[in-house]
Amino acid sequence: MSATQEKSVSSNTSAGPAESYDAIIVGAGFGGLAMLNRLRAQGLSVRVLEAGDGVGGTWYWNRYPGARCDVESMEYSYQFDESLQQEWSWPERYSGQAVILKYLNHVADRFDMRKDIQFNTRVSGAVFDEAAQRWTITAESGARMTAKYCVMATGCLSAPNTPDFNGSDSFKGDIYHTGKWPHQGVDFTGKRVGIIGTGSSAIQSIPIIAEQAAHLTVFQRTPNYSVPAANRPIDREMEREIKADYAGFRERENREQIAFGSRFQASDVSILDLSPGERTKVYEKYWQIGGLLFLYASTDMLINKEANETAAEFIRGKIRSIVKDKATAELLCPDTVVGCKRLCADTGYFETYNRPNVKLVDVELAPIEELTPRGLRTGGKEYELDCIVFATGFDAMTGSLLRMDIKGRKGLSLQQKWSEGPRTYLGLTVVGFPNMFIISGPGSPSVLTNMVPSIEQHVNWISDTIRDLRERQLSCIEPVVEAENAWVEHVNEVGASTLFPTCNSWYLGANIPGKPRVFMPYLGFPAYVEKCNQVRANGYEGFALSKA
Ligand code: FAD
Ligand code: NAP
């Protein structure tokens with residue numbers, strides 16, 4: 001499966017030999033590794049190109065203190081190999097970043113994947129050559145490769161967002177981004193630290209940084225809802241039970257999955273049918289279960305504003321009871337819809353504001369004006385800092401794709417095609433970009449699910465499709481425009497029927513100045529799997545298949 005050198009390269013790149021493969025996969029996270037495994041099993045020559053110097057994706061880059069999964073460990077793992085899932089043992093209910101990274105390194109070694117992965121290789125562009133019906137992929141180094149199939153496993157949350165504050169270069173201290181955390185770790189002992197943001201990354205890291213730093217200032221633009229994660233050592237009896245029939249467990253998970261995991265049943269009651277006392281009991285029960293399952297305390301949480309407000313008031317009550325300083329507690333109370341931005345799961349987040357060395361600063365009404373040599377200025381006041389942590393999130397879902405220059409038929413660039421928002425068929429494929437597949441692309445359930453099974457579902461669909469094309473000696477697959485239009489419309493309609501579009505979340509691209517406001521993920525996990533299966537069963541309904 002080693003690469004071959006070819007002399008005739010794509011006509012729209014500069015001359016010179018390019019390595020040639022059946023498939024190139026960009027990214028070596030959960031998606032890229034699973035894809036490599038499946039395509040290699042078909043006997044294809046495959047190359048994975050990865051910007052980092054190791055596997056792991058999200059779990060390679062996000063090494064900030066407290067980084068942890070918010071889906072339970074027994075569910076947030078691969079299911080493609082029974083012995084892998086039998087032999088691996090997770091230490092905690094929710095795995096920390098280091099353990100997930102260790103797991104992905106184990107997978108890479110166990111399936112001898114590294115020989116087909118090229119690290120330290122950031123892809124800058126990909127061009128489809130219509131005559132050769134091949135993709136030419138270019139790395140930032142200038143290296144070029146060609147492939148029949150191109151799989152973008154570049155991640156939904158992998159393009160860090162670093163706001164361009166005035167004076168960004170003037171700050172004399174150290175600047176970190178949670179999504180690009182130094183591998184050697186950071187020692188905050190004795191330091192005055194500022195953190196910008198109160199999303200999931202900030203909410204996980206704030207309690208730990210606060211314990212170490214001399215002083216921590218949290219710059220908050222929008223307060224967030226957070227539920228205690230209730231992390232604990234894994235229940236070994238539960239692990240034995242699941243492992244006794246892991247396939248059955250996964251099957252139920254795939255069939256019944258509510259977003260973010262399946263182990264606890266979602267409630268089947270409307271909260272509005274209950275008395276105030278009964279509501280509190282229900283919310284208290286889900287608060288104690290911990291984590292994102294709180295969103296399933298009632299059937300109408302994400303579709304009925306009045307129902308949602310009862311949950312919002314419950315969480316605000318918790319914040320007020322935990323945070324002693326009244327003004328700080330009020331500042332921490334969100335007035336948005338619960339779950340409209342991704343709900344956070346924390347360990348001691350609100351409690352941290354009771355520490356004498358932690359201060360919350362509101363930067364909503366008085367936005368951050370500038371970074372200065374000594375710190376950060378907001379509301380006319382300069383905060384002196386030794387380090388600033390940007391917990392400012394990601395250009396989600398489209399960022400990693402649009403940061404490359406991807407050109408399909410007739411030189412059409414993905415940037416042009418998506419200038420008013422992403423357009424895909426099933427979140428997997430794009431009109432004008434034949435034989436290019438996206439894992440967890442916009443228009444697929446992706447970030448609204450437990451992502452590992454969603455990724456495997458995409459990997460299996462892509463792999464089966466490529467096998468079918470080869471068996472039927474077909475050269476290209478590409479969606480037709482009517483199917484793409486209908487899918488985009490459907491994704492929008494479903495999103496609009498919920499409360500999701502009511503706040504400025506990254507699901508809508510609202511965190512990135514100038515990004516089109518479009519609800520990008522598809523809400524409808526089990527139905528989506530059915531749809532993908534049906535499309536295949538009906539001879540790739542909505543696609544044009546062509547011979548060489
Ligand atoms: P990634 O893991 O993002 O991997 C993409 C890879 O592509 C990266 O290694 C990147 O370097 C590489 N890449 C991107 N562009 C290029 C390029 N141009 N050239 C070369 N390489 C490139 N999901 C959940 O379901 N549950 C969770 O609890 C959860 N927690 C999360 C916590 C954090 C901090 C973050 C950021 C995300 C979390 N997610 C969670 C989402 C998480 O991203 C997915 O679960 C999953 O890890 C995604 O895998 P992936 O392979 O699709 O993408
Ligand atoms: P995020 O949710 O987008 O949060 C970014 C934070 O930075 C927000 O509070 C945002 O404020 C703030 N911010 C951005 N630009 C700013 C500016 N110019 N001035 C002031 N504040 C600014 O990013 P994240 O915390 O990295 O999380 C992203 C996603 O990754 C999560 O939603 C989740 O899906 C995943 N994740 C999961 C976990 C987990 O628990 N497993 C942990 C981390 C991340 P606004 O809200 O006002 O925009």
For the chain, which whole-number percentage of the solvent-accessible area (1.4 Å probe, protein heavy atoms only) is attributable to carbon and sulfur atoms?
50
Could you provide, to the nearest whole Å², the per residue accessible area of the chain with probe 1.4 Å?
40
What list of ³J(HN,Hα) values in whole Hz, one per residue of region 87-99 in order, does the Karplus curve 6.51 cos²θ - 1.76 cosθ + 1.60 (θ = phi - 60°) give from phi, with Gly and Pro shown as x?
7, 7, 10, 8, x, 10, 4, 10, 7, x, 4, 5, 5
Expected-Rg normalisation [2.2 N^0.38 Å, Cα atoms] applied to region 77-116
1.19
Whole-number D in µm²/s for the chain (Stokes-Einstein; Kirkwood sum over Cα pairs; 20 °C, 1.002 mPa s):
87
Eigenvalues of the Cα gyration tensor times 5, then square-rooted: what semi-axes does that give for region 279-327, in whole angstrom, largest first?
20, 13, 8
Size of region 145-286 along its principal axes in angstrom, Cα-based, largest extent first?
58, 54, 33
Over the chain, the sum of -39500 (n - 2.57) across DSSP H runs of at least four, divided by residue number and rounded to 500 deg cm²/dmol, gives at 222 nm -9500 deg cm²/dmol
Length gained if residue 536 through residue 374 is fully extended, taking 0.36 nm per residue and subtracting the Cα-Cα distance, is 52.4 nm
Counting only trypsin sites (Lys or Arg not before Pro) that sit in a DSSP loop (anything but H, G, I, E, B) with at most 13 other Cβ atoms within 10 Å, what is the longest stretch of the chain containing none of them?
8-171
Strictly over 20 Å apart at the Cα level, which of 305/341; 191/318; 324/359; 115/407 would you flag in this model?
191/318; 115/407
At 37 °C and 0.692 mPa s, the Stokes-Einstein diffusion coefficient in µm²/s for region 363-504, with hydrodynamic radius from the Kirkwood sum on alpha carbon pairs, is 179
Residues with beta-carbon under 12 Å from that of residue 166, excluding residue 166: net charge, scoring Lys, Arg +1 and Asp, Glu -1?
-3
Using the Karplus curve 6.51 cos²θ - 1.76 cosθ + 1.60 with θ = phi - 60°, what ³J(HN,Hα) values do you get for each residue of region 164-180, in whole Hz, with x for Gly and Pro?
8, 6, 4, x, 3, 7, 7, 5, 8, x, 9, 10, 10, 10, 4, x, 9
Scoring only Lys, Arg, Asp and Glu (+1, +1, -1, -1) among other residues with Cβ under 12 Å from the Cβ of residue 520 yields +2
Using only Cα atoms, tell me the angle between helix 30-41 and the longest principal axis of the chain; keep it within 0 to 90° and round to the nearest 10.
20
Once amide H atoms are built 1.01 Å from N in the peptide plane, which residues 5 or more positions from residue 126, or in another chain, come under 5 Å H to H?
138, 405, 406, 407
Under the rule that an exposed site lies in a DSSP loop and has at most 14 other Cβ atoms within 10 Å, name the longest stretch of the chain with no GluC sites (Glu not before Pro) of that kind, not counting the sites themselves.
141-363
If you take every DSSP beta bridge fully contained in the chain, what fraction is antiparallel? Give it as a percent rounded to 5.
45
Amide H contacts under 5 Å for residue 25, placed H, 5+ residues apart
47, 48, 49, 151
Partnerless cysteines, meaning none of the other Cys C-beta atoms lie under 4.7 Å away, in the chain:
69, 150, 156, 333, 344, 387, 476, 532
What are the ³J(HN,Hα) couplings of region 449-457, residue after residue, when phi is run through the Karplus curve with 6.51, -1.76, 1.60 and θ = phi - 60°? Round to Hz, x for glycine and proline.
10, 5, 6, 5, x, 5, 4, 5, 5
Distant-in-sequence amide H partners of residue 360 (H built 1.01 Å from N, under 5 Å)
218
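The values are calculated or read from the model by the stated rules, or taken from the named source; none is laboratory data. Because the structure is a prediction, the values reported are computed rather than measured. Using ideal geometry, Cβ is built from the backbone for each residue, glycine included, and neighbour counts are taken over all protein chains shown. Keep in mind that these areas ignore ligands, DNA and RNA; they rest on the heavy atoms of the full protein, side chains included. Shrake-Rupley method; radii C 1.70, N 1.55, O 1.52, S 1.80 Å.
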